[in-house]
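Visitor: What follows is a structure written as C-alpha cells; I'll ask about it next.
The values are calculated or read from the model by the stated rules, or taken from the named source; none is laboratory data. No experiment lies behind these values; they were computed from the predicted model shown. Please note: Cβ atoms are built from the backbone with ideal geometry, for glycine as well, and neighbour counts cover all protein chains shown. Ligands, DNA and RNA are excluded from the accessible area calculation, which covers all protein heavy atoms including side chains. Shrake-Rupley method; radii C 1.70, N 1.55, O 1.52, S 1.80 Å.
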Amino acid sequence: MKKRILQRILSGIVTLWLVSVLIFIGTEMLPGDVATAILGQSATPETVAALRLQLGLDEPSVLRYLHWLAGIMHGDLGQSLANGRAISDELLPRLANTLFLAGYAAVIAIPLAVGLGIASAIWRGSVFDRLANTLTLISISVPEFFVGYILVIAFAIRLTWFPSLAMVDSSSSFIDRLYVCTLPMVTLTLVVLAHMLRMTRASVTAVMASPYIESAVLKGIPRWRIVVSHALPNALAPIINVVAFNLAYLVVGVILVEVVFVYPGIGQYMVDAVTKRDLPVVQACGLLFGGTYIFLNTTADLLAIWCNPRLRHAR
C-alpha cells in the first residue's frame, strides 16, 4: 500500500512539472512582444530593448524557464508587469476569495448530489428518478455563464433578492459574504450537481446487481438499508473520484462565474492579466489552477485506495 501511495504522489509531482512546462511554452508562443505591449506602439526601439533587458526577455527561453521554476520552488511567483507588485501579495487574497466561493458551493452541492443520487438508486425507475435525471441532464447541458445570467435576471433584477455583482473585500463579514456570493454559489452548484448525482446513482446501481445484494434482498432487508449499509460502501471509490473532480472544477472552472458576477477571485485576476498581457500573472494563475486540480485528483486516488481493500494489495 505504501508503494502505491508513493507512486501516486510521484505521479502527481511529475504531472505538475509537465503542466509548468506547458504553461511556460504556451505563454511563450503568444504572438507579439511583451515589452512593446507594455510601452505601446509609439515606444522607440531603444526603450523597448532596455525594457526587454530589464525583464530578462533577452535571455534564452530555457534559462528563463529555469529561473521561473527556481523562483516558484522558493515561493517567489515573480512580479506583475502591470504594476510591479509581487504577484503573491495580490494572488493570496484572491485565492482566499475563490476558495471561499468554491467551499460555499461544495458544502451545498456534495451532500445534495450524493443524497439525490442515493435516493434515485433506491427508487430506481420511479417518477422521482426520471425527474432527477431529466433536470440534471438539462443543467449539465447549459453553460455556466448562461445559468449565471438567468439567475441574475430572475433573482437580482426582477425579484431583487440578491445583488447582481458579488463584490467583497477584506472588511466584509462572513454573513455578508454568504449573502453576496449566493448567486455565484447557486450557479456553481447547478453546474456540478448533475455529474455527481448521475455518478452516485450509476455506482450504487451497479453494486446493487451484485450477488450479495440479491441475497440481502431475499432476506427481506429494507431497500434503503441495503443501499446505505451494503451498496454505498462498495461504491465509494468512483463517488470519491467524481467528487474530487468536481471540487477541482469548483476552483479551476470558476473563471467564467467570477467574470459574470465580477467576483474578485483568481479567475477574474487571470482574465484581467490576459487583457493586460501580464504574462507572469497568467503563468502563476495557470500553475495554481493546475496544481489544485492535480492535488485534488491525487487525493481522490489515495482515498480510493484507502476505501477499497482490493486496491491496497498487488494482484
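Visitor: By average Cβ neighbour count within 10 Å, what is the ranking of 100-110, 119-129 from highest down?
Guide: Most protected by this proxy first, the peptides run 100-110, 119-129.
Visitor: Determine the relative contact order of the chain: mean sequence separation of Cα pairs under 8 Å and six or more apart, normalised by residue count, in whole percent.
Guide: Relative contact order comes out at 26 percent.
Visitor: Here's another thing I want to ask about it. Quick one: which of 251-262, 291-302, 185-196 comes out on top by average Cβ neighbours within 10 Å, and what's the full order, highest first?
Guide: 185-196, 251-262, 291-302
Visitor: Can you give the FRET efficiency for residue 165 and residue 3, using 1/(1 + (r/R0)^6), R0 = 51 Å, r = Cβ-Cβ distance, to the nearest 0.05?
Guide: 0.50
Visitor: Quick one: with all protein chains in place, what share of the accessible area of the chain is carbon or sulfur, to the nearest percent (1.4 Å probe)?
Guide: The nonpolar share, carbon plus sulfur, comes to 69 percent.
Visitor: Can you give the FRET efficiency to the nearest 0.05 for residue 83 and residue 140, using r as the Cβ-Cβ distance and R₀ = 35 Å?
Guide: Here the calculated transfer efficiency is 0.35.
Visitor: Quick one: if you stick a label point 7 Å off each Cα along the C-beta vector at residue 64 and residue 123, how many nm between them?
Guide: According to this spin-label approximation, the distance is 6.0 nm.
Visitor: Using unit Cβ charges (K, R positive; D, E negative) and no other charged atoms, how large, in debye to the nearest 20, is the dipole of the chain about its Cα centre?
Guide: It comes to approximately 1820 debye.
Visitor: Keeping every protein chain present and rolling a 1.4 Å probe, give me the accessible area per residue for the range 79-229 in Å².
Guide: 54
Visitor: Quick one: which residues, 5 or more positions from residue 79 or on another chain, have an amide H under 5 Å from its amide H? H modelled 1.01 Å from N in the peptide plane, none for Pro or chain starts.
Guide: 87
Visitor: Dividing the alpha-carbon radius of gyration of the chain by 2.2 N^0.38 Å (N being the number of residues), what value is obtained?
Guide: 1.22
Visitor: So what is the relative contact order of the range 48-147, in percent, for Cα pairs below 8 Å that sit 6 or more residues apart?
Guide: The normalised contact order for the range 48-147 reaches 9 percent.
Visitor: On alpha-carbon atoms, Rg over Rh for the range 148-237 using Kirkwood Rh?
Guide: Radius of gyration relative to Kirkwood radius: 1.28.
Visitor: So what J values fall out for the range 249-258 if you push phi through Karplus, 6.51 cos²θ - 1.76 cosθ + 1.60 with θ = phi - 60°, rounded to Hz, Gly and Pro as x?
Guide: These are the phi-based 3J(HN,Hα) values: 5, 4, 8, 7, x, 7, 4, 5, 5, 5 Hz.
Visitor: Sequence gap at least 6, Cα distance under 8 Å: using those rules, report the relative contact order of the range 145-248 to the nearest whole percent.
Guide: 24
Visitor: Further question on the same structure: Where the centroid of each part is defined by its Cα atoms, how far is the range 123-156 from the range 238-271 in Å?
Guide: If we compute the Cα centre of each part, the gap is 19 Å.
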